[in-house]
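Everything on this sheet refers to the single structure shown next.
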Amino acid sequence: MSGSYDECAGADDTMDSFWEVGNYKRAVKRFDDGHRLCNDLMGCLQERAKIEKAYGDQLTAWSKRWRQLIEKGPQYGSVERAWLAVMTEADKVSELHQDVKNNLLNEDVEKVKNWQKEAYHKQMIGGFKEAKEAEEGFKKAQKPWAKKLKEMETAKKAYHMACKEEKLAATREANGKTEASVTPDQQKKLHEKWDKCKQDVQKAKEKYEKSLEELNKCTPQYMESMEQVFDQCQQHEVKRLTFLKEALLDIKRHLNLTENQSYATIYRELERTILAANTQEDLKWFSNNHGPGMHMNWPAFEEYNPDQAAAPPKKKKPDGAPPTPSTDHVAPPGDRSSVSSYDKNQAYSTEWSDDEQPTAYSGNENGGNGNSFEDDSSTGKGVRVRALYDYEGQEQDELTFKAGDELTKTEDEDEQGWCRGRLDNGREGLYPANYVEPI
């Protein structure tokens, strides 16, 4: 036994002790609580799995969108590759978070569910087998002691009632001596009544003491039997607490990505790619592709070819033409600083003039509210031209006109021989530069 009855009785006089009749029910309720806590843990993990999935999906969507924007944007060379490596990091981390979700649902939740099924056996009439066995065990252990306790309480009540009657009789007998109206015969009866009450008190006291003695004699056996049943409940609870601790360690292992070798590898690769960015190589590449290092077909004498004027140039859309509208990579509302409308291969006008014109600046001069990479094509100005020949547009972005028709040229001829213009009906498109003449 864990302690004597006197020690336990002195420790709690609030009538809320485990040893009080029926107070074992809290130990029995722990079976129901244990089953419910398993459900709570599974619900907790399922919510966390949803969070992991949502985060992984957001990383993937973010990576996809910005990868496309970066590939279309003005960044180039090894620094572009380093920037894109951040998107690769997001894709790989997203996969790891999806793995976390799968581990939580397929391993941790299933493990708790299977343990719960093995540890708690539901009954047809409701409740759990383990709780019912504990309830019956406690009732059986408590029944003899509870019976003696009831007898003792009855004897105690009788003794206290006898004491009350004796006090009352003593008061009446004492008052009878002082009152002149009480006859000697009445005084005698009051005295006899008092004597009888004293005898009743003594008998009730002896009976009370005897019942208390009998109760105390069976208390050790009562405590031993109750503790045996309680220990069985504790053994079941030990299994639950031990399992819960192991399950939480598994959950921690699945959540802690820093212990995952793949996670560390992702950032080693990202760092390696960023450190590999080479400023001089990028500058050299830009010079060779967009600067003095480019090849140039310098002007040379060309003989007149009468057939050349009648044939449209080889078709190639101006690289500076606005791209076909797309909803795949539209920047979210308010995101005016994205590079979604920028074409990395955008061609710039090669028209040269002695007139000094302010250089167009494509940067944000309005406090960041404009897209620094959007085309700034004017639609309100242009040069009037007249068609020399009939032309039937071959593609949707080409104009169709007849010889003699007038239209407005809105963009100068590119290196492929195409201009952009606008018909008087408002339609805009491309046309061969050698099919028209200025008016």
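Below is a table of values for the structure above.
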{"item": "Two-site FRET efficiency, residue 178 against residue 156, from Cβ-Cβ distance with R₀ of 30 Å, rounded to 0.05", "result": "0.30"}
{"item": "Protein accessible area in the stretch 383-438, 1.4 Å probe - carbon and sulfur %", "result": "41 percent"}
{"item": "Cross-link pairs 122/239; 147/203; 101/129 - those with Cα-Cα distance over 24 Å", "result": "101/129"}
{"item": "Accessible solvent surface per residue of the stretch 383-438, calculated while the other protein chains remain in place, 1.4 angstrom probe, Å²", "result": "53 Å²"}
{"item": "Accessible solvent surface per residue of the stretch 175-252, calculated while the other protein chains remain in place, 1.4 angstrom probe, Å²", "result": "70 Å²"}
{"item": "Potential extension, residue 205-residue 296 segment - 0.36 nm per residue separation minus Cα distance", "result": "20.1 nm"}
{"item": "The stretch 383-438 shape via C-alpha gyration tensor axes, a/c threshold 1.5", "result": "rounded"}
{"item": "For the stretch 35-121, accessible area per residue (1.4 Å probe, heavy atoms of protein chains only), Å²", "result": "53 Å²"}
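The values are calculated or read from the model by the stated rules, or taken from the named source; none is laboratory data. What you see is a predicted model; the values in this text were computed from it and never measured. Virtual Cβ from ideal backbone geometry, glycine too; neighbours counted across all protein chains shown. Areas reflect the complete protein model, heavy atoms only, side chains present, ligands, DNA and RNA absent. Shrake-Rupley method; radii C 1.70, N 1.55, O 1.52, S 1.80 Å.
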